[in-house]
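Some notes on the structure that comes next.
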């Protein structure tokens, strides 16, 4: 009976080690993720029948002090040749069983990161929105910009398509207010 009790105790200790390993791994991932990353997330936006590609994305992951593998942050996509300069969004994020989920408030979308490699300097992997179309990305750890310099959502270029700040109509003169839609992945082929 004593031998059975000892084996049971050893088995329980082994099971507890496996149970706590998952949390520790998520915490380690969150610790490495913490900071500012920039690079190409293959973001593009559609507005008024036109497609625009972001040339760079900057994402900041801030940890929650109470729940270490979760947090908040910011995601800014920079554009050239579009009627706006950037799209800035507040985010929440979490690491669960090694998977990273990002929720973007301004475009009300979940993004999922998987099959990734994360070090203190580089972050590469696959990102997918809740609508599918996975895309590979590569980010480099950098220094944070001044987050107070942004107008959140689509920057208010002439206030035409930001319904949160605008009292004007669209460029067509109607009262319907539209705004660009952010997408991850391959841009549609417009040459067909």
Check: In vacuo Debye scattering of region 45-119, one point per C-alpha: log10 I(q)/I(0) at q = 0.12, 0.17 Å⁻¹?
Finding: -0.40, -0.73
Next item on the list: For residue 108 paired with residue 90, estimate the spin-label separation in nm (one decimal), with each label point 7 Å from Cα along the Cα-to-Cβ line.
Entry: 1.6
Next item on the list: Within 10 Å of each residue's Cβ, count the other Cβ atoms and sort 114, 137, 87, 123 from fewest upward.
Entry: 114, 137, 123, 87
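Read-outs: derived from the displayed coordinates by stated rules, not from any lab. A quick note: this is a predicted structure, and the numbers were derived from the prediction, not measured. Here Cβ is always computed from backbone atoms with ideal geometry, including for glycine, and neighbour counts include all displayed protein chains.
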